[in-house]
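Comments concern the structure below.
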Amino acid sequence: MIAYILKSSLSLIILFGLYWFLLRKEKLFVFNRYFLVLSVIFSLTVPFISIPVNFQVTPLLENAVPVSVNNIPGISDVNITRQYLEMQASQIDISEILLALYITGVIIFLIRLLRNIYILAGRINRSEKISFEGYRIVLTDDTAGPCCFFRNILINRDDYLNGRIDKALLEHEKEHARQTHTIDIMLIELLKIFYWFNPVYLLYDRAIRINHEYLADNGVISDKSDIKSYADILLSFIICRSSLSLTSGSNNSFTKMRLIMMMRSKPKGFIKRMKIAMSTCAGLVLFLLLSFKESPDLPSKPVLSETGIEMQQSRVNGIVITEDGKPLMLVNIIAEFPGSTPGYFSVTTGSDGRFSLKNIPEDAFLNISCVGYKRQTLKPGFTSEMVVKMIKDPEFKTTVMTVDATYYHEGENVRIRRPDDKNLQSVIVIDDKISNSKGEITLVRDDIGMVKVLKGKEATDKYGEKGKNGVIEIMTKKRAAELGIDISPPVSRLRQKDPDDLPTFQESNPQAFQEWVSTRIRYPEEAISRNIEGWVSVNYKVNPDGSISNITTALPVNSLLSDEVIRVIKSSPKWESSKNMETGRPIESSVTLKFTLPGGIIKDQPYDRVDEMPVYPGGENALLNFIKNNTKYPQKLTTEKIEGKVILRFIVTTEGNSEAISVLKGIHPLLDAEAIRVISLMKGWEPAKRDGKTVNAWYMIPVAFALPQTN
C-alpha cells in the first residue's frame with residue numbers, strides 16, 4: 001500500500017512538473033486537457049503495471065573475486081540453520097494506526113462528495129428549466145455565478161430575467177457542457193477521496209479548471225475576430241461569487257490569466273510539435289522507470305515475523321520441466337524467507353518433476369537449482385500451479401565427490417572416475433556391457449540412471465580377474481525403463497524439510513543454544529596470562545534423537561580458547577528429539593564468539609546473510625587492486641609450478657576489520673599463508689547491515705595464484 005502511494009504520488013508530481021514548465025503557458029488547450037486527465041489516470045494505474053527485466057553484471061576479474069557465501073559452487077549453505085520463533089502476543093503497529101487514519105479520511109471525503117452530488121441534484125430538480133440549443137438552463141435562487149453540471153447550465157434567476165447575462169457568457173457555459181468538462185471535475189473529486197492527505201491534487205484541480213476556462217473561452221471567440229469586446233463583457237461581469245461545488249463555471253481568480261491567454265498568440269508549428277513530443281516522451285520514460293521490476297534469473301513450520309506475529313502463508317505446488325517440456329528429476333527447490341532469524345524449506349523433485357511446499361510466506365523466494373542447468377530465483381505462485389522451465393547451462397562446471405566416485409560436470413556431460421584409481425585401471429560397465437574405456441568415462445548426464453562402484457572381492461566375484469582394479473557399473477535411464485527399475489530418489493529426499501523433522505533445544509531454535517553456550521563460557525586464566533585472544537568458531541551437529549556429535553573447531557585459534565567453547569557445548573543437556581523420527585534430520589550449526597583481553601567475551605555472532613554486504617573502501621575495483629598489488633608469489637614455489645585459488649573465509653567486524661581468517665580450500669601451505677597475510681591487511685571496511693544496524697558478517701574471497709609471467 002505504501003509503495004503504491006509513493007509511486008503514484010511521484011508520478012503525479014513529475015507529470016505536473018512537465019505541464020507546469022512546458023505546457024502551462026501555451027495555447028495547447030485540448031492537448032493540455034488530455035495530458036492532465038491522463039496524468040491522473042496513469043498515476044493511479046502505473047503502480048499495478050510491472051515489466052520484468054534482468055539486471056546482471058558480470059565483473060571482469062583478474063586474480064581474485066570477492067563473493068558472498070552463496071556464490072561459490074560447492075561451498076554454499078555454510079552454517080545455515082533453521083531458525084524458529086515462539087508466538088508472541090500481537091502488538092499494535094504504527095502502520096495499523098496510519099491505515100486507520102487513511103481509511104477515516106477516505107470515508108470523510110467520500111461522504112463529502114456524495115453530499116455535494118445530492119445537494120446539486122436537489123437544486124436542479126427543484127428549479128425551473130429552460131431549453132437552450134440542446135442544453136438546459138436551470139434558473140436557481142443561488143447567488144453563485146453561471147456554471148454548468150453535465151448538460152445543465154445553472155444561472156441566477158434574477159440575473160437571467162433582468163438581462164444581466166450576456167449571450168457570450170451563455171455561450172461560454174454551453175462550451176463547458178458541450179466539452180463535458182464535468183467528467184474531468186468528477187475525476188479530480190475521486191482523486192481527492194483517495195489522496196486527501198496529498199496536496200498534489202490541489203494542483204491538478206486548479207490546473208484542470210483554468211484549462212477548462214481557456215477551452216470555453218477559445219470555443220466562444222474562435223470564430224470572432226473581436227477578442228477585445230469579449231474581454232470587456234467578461235470584465236463587466238466580475239462578481240465576488242463562487243461557482244457551486246462539482247460544477248464548471250467562471251472563477252474570478254482566473255480572470256486575469258484568461259485575459260492574458262486570450263491575447264497570447266498561438267505557438268508556431270515547430271515549437272508546438274516539439275513541446276508535445278517532449279511531454280509524450282517524458283511520460284513514456286516515466287512509465288518505463290516506474291514499471292520496470294527486476295526479474296531475478298540466477299537466486300511445516302509456523303512462519304512468524306521478527307516480532308513473533310504470524311505471517312500470511314500458503315502452499316506452493318509446481319512442476320519443473322526441461323526446455324522440451326519433459327519433467328525434470330532431482331531439482332532442488334529451496335524456499336527462503338527473510339527476517340532477523342531467516343529460515344528455509346527445501347524439497348527435491350521426483351521422476352514426475354513435481355514439487356509441493358507448504359506454509360510458505362508471501363515474501364519468500366524460491367531458489368531452484370539442478371546439476372547442468374542455470375540457477376533460477378523466483379517468487380512463489382500461490383494461486384495456480386507453477387511451471388518452471390529449466391535452461392541448460394553450457395558453461396556449467398562443478399565437481400561432486402562421493403565416497404566411491406568423483407563426478408566432473410561440464411555442460412551437458414559428466415566425467416566419472418574413482419577417486420582412488422590414480423592409474424585409471426577400473427573397468428567401466430555400461431548396461432551390463434564392458435566398455436572399451438578404462439578408469440574414467442564421459443557421458444551425457446541426462447542419459448545416466450544409476451552408478452555403482454564395486455571393489456575388492458565384490459568386483460572379482462562378479463567380473464573375475466578383470467575386476468581386480470575395481471569396476472564402475474553404469475545403468476542408463478533407457479535400460480532401467482526396459483527392466484522396470486525405478487531410479488527415482490528415496491521418498492525422504494522428496495519430502496519437504498519440516499520443523500517437526502528437526503530436534504529442538506529447550507523447545508526453541510539453535511539461536512537459543514548460542515545464548516545458552518555464551519552465558520556459560522569463562523575466559524581461561526592461562527589464556528589471559530599469556531595475552532591470548534581472538535575469534536572462536538565451533539561447529540556441531542545435533543542428531544534427530546537430540547544427541548550432539550561432530551564437535552570441531554572451524555578457525556585456527558589457540559586451543560585454550562577453543563577447548564573452553566567445546567567444553568561448554570559438550571556439557572549441553574540433550575536436545576528434544578525430532579517429532580517425525582522417520583524423516584528426522586540433523587541440525588548442523590556453529591557457535592562463534594570473540595575472546596578479548598583483559599577478559600571480555602563478545603557474543604555477537606557474525607551473520608551469514610545480511611541486508612547489505614560489507615563494502616571495501618573504494619568498492620570492488622579497489623579491493624581487487626589491493627589484493628593484486630599486495631600479493632606476492634612465494635619464490636620457493638616457482639620451480640613447483642603450483643597455481644590455483646585459495647578460498648578464504650573471514651569476519652568483517654563492525655569496526656571494519658578483517659578477522660578470524662580461515663582457509664576453506666587451500667592449494668599449498670605457503671600460498672595459503674600468503675593469502676591470509678594479504679587479507680589480514682585489509683582495514684576500513686564499511687560494515688554489513690542487517691535491519692538497519694551494523695553487524696559482524698562472514699565474507700568469502702577466492703585469491704588466485706598464477707606463476708609470474710616472463711617475456
(request) Please compute the net charge surrounding R115, taking Lys and Arg as +1 and Asp and Glu as -1 over other residues with Cβ under 14 Å from its Cβ. (result) +2
(message) Below 8 Å, C-alpha to C-alpha, sequence gap of six or more: please give me the relative contact order for the stretch 582-675 in percent.
(response) 18
(request) Report in % the part of the accessible area of the stretch 610-672 that belongs to carbon and sulfur, leaving out ligands and nucleic acids; probe 1.4 Å. (result) 47
(request) Would you tally the net charge around G105, using a Cβ to Cβ cut-off of less than 12 Å, leaving G105 out, and scoring K and R as +1, D and E as -1? (result) +2
(message) Starting from 0.36 nm per residue, how many nanometres of slack lie between L681 and N550 once their C-alpha separation is accounted for?
(response) 43.9 nm
(request) Assuming R0 = 35 Å, can you tell me the calculated FRET efficiency for the pair R522 and D611, based on Cβ-Cβ distance, to the nearest 0.05? (result) 0.55
(request) Beyond 26 Å between alpha-carbons counts as too far, so tell me which of K389/K438; K422/K641; K645/K683; K603/K683; K392/K478 fall in that bin. (result) K389/K438
(message) Tell me the relative contact order for the stretch 628-691 as a rounded percent, counting alpha carbon contacts under 8 Å between residues six or more apart.
(response) 35
(request) Would you mind checking which residues have amide H under 5 Å from G546's amide H? H placed 1.01 Å from N; only 5 or more apart, or other chain. (result) S578
(request) Would you please give the residues with an amide H less than 5 Å from that of R354, counting only those at least 5 places away or on a separate chain, with H modeled from the backbone geometry? (result) V320
(request) Give me the net charge of G372's neighbourhood, meaning all other residues with Cβ under 15 Å from the Cβ of G372; Lys, Arg count +1, Asp, Glu -1. (result) +1
(message) Given an 8 Å cut-off on Cα distances and at least 6 residues of separation, report the relative contact order of the stretch 97-162 as a percent.
(response) 19
(message) Using the basic label-point model (7 angstrom from Cα toward the beta carbon), what is the E482 to L597 distance in nanometres?
(response) 7.4
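Highest first, please rank the peptides 655-662, 589-596 by the mean number of other Cβ atoms sitting within 10 Å of their residues.
Packing proxy ranking, top to bottom: 589-596, 655-662.
May I ask you to work out the translational diffusion coefficient for the stretch 566-706 at 20 °C, viscosity 1.002 mPa s, via Stokes-Einstein with Rh from the Kirkwood sum over Cα pairs, reported in whole µm²/s?
121
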(message) Can you order the peptides 351-360, 417-426 by their average number of other Cβ atoms within 10 Å per residue, highest first?
(response) 351-360, 417-426
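What's the FRET efficiency of K392 with L259 using the Cβ-Cβ distance as r and R₀ = 60 Å, to the nearest 0.05?
According to the calculation, E is roughly 0.25.
The values are calculated or read from the model by the stated rules, or taken from the named source; none is laboratory data. Not measured: the values here are computed from a predicted model. Neighbour counts run over all protein chains shown; Cβ positions are idealised from the backbone, glycine included. These area figures cover heavy atoms from the full protein model, side chains too; ligands, DNA and RNA do not enter into them. Shrake-Rupley method; radii C 1.70, N 1.55, O 1.52, S 1.80 Å.
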